[in-house]
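Here the structure is laid out as structure tokens; the discussion comes afterwards.
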Amino acid sequence: DRIVLLLTQESEVVVAGVQTERGVAMHFAHLLQYARPEVRLADLSSGNFADVLASDRPGRCLVIVESRRYSRHAQLLAEHAQKAGIEIVFITDKYCHWARKLTPHVLALPTESAVFWTTMVPLVAALTLLANGVVLSLGTKVEPRLERVSELYQTFTGHVGNARRGRRDRRLLPHKS
């Protein structure tokens, strides 16, 4: 609940993932962009995380998706974000011993599997539930944004088949009786 509150109320959310977690982080950022403004994926190409660390804007939240073998980039980013007063959320595996030293907002999940690679399924599930939690937390305030983003998607990319006409599918959000 505390993490959902951060993701809902902070003025900006930046999501970072390094190595194989980059795709998972990107997926989460795209989900959150449907629900709220000022969400973006951290730019790894600059090599210095200035897009995250050079701003003095208040109310920033950094979500780091990381699992072992942990990237030096992720650890340095988290350490510098903590020093900058940026709220940090860590989505990681249960072996990450250093995340809790930097933030109380850690979801440490089991990632073992019977295959060579660890599985990202628990990380993806947790991030999907967090994004859903943001939508539910925003309640009906999220509906205009969902409509607008959906319209923009239909305009620029499109969906297979006919465009939906009329009222939006109300099954997206539970309504209070």
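The values are calculated or read from the model by the stated rules, or taken from the named source; none is laboratory data. Owing to the predicted nature of the structure, the values given are computational and were not obtained by experimental measurement. As a convention, Cβ positions derive from the backbone with ideal geometry for all residues, glycine included, and neighbour counts pool all protein chains shown. Note: areas computed on protein heavy atoms with side chains; ligands, DNA, RNA excluded. Shrake-Rupley method; radii C 1.70, N 1.55, O 1.52, S 1.80 Å.
Restricting to segment 39-69, name every residue that is open to solvent by less than 40 Å² (accessible area, probe 1.4 Å), of a type in the set (D, E, K, R) and farther than 18 Å from Leu5 by Cα.
Glu66
Looking at Ala108, Ala81, Ala16, which is the one that is open to solvent by 40 Å² or more (accessible area, probe 1.4 Å) and of a type in the set (A, V, I, L, M, F, W, C)?
Being open to solvent by 40 Å² or more (accessible area, probe 1.4 Å) and of a type in the set (A, V, I, L, M, F, W, C) holds for just one of Ala108, Ala81, Ala16, which is Ala108.
Pairs under 7 Å by beta carbon, first residue over 10 Å from Thr8 (Cβ atoms) in segment 125-139, partner open to solvent by less than 20 Å² (accessible area, probe 1.4 Å) and not in a helix (DSSP H, G or I), six or more apart or different chains?
Here the result reads Ala126/Ile91; Leu127/Ile91, each pair linking segment 125-139 to a residue that is open to solvent by less than 20 Å² (accessible area, probe 1.4 Å) and not in a helix (DSSP H, G or I).
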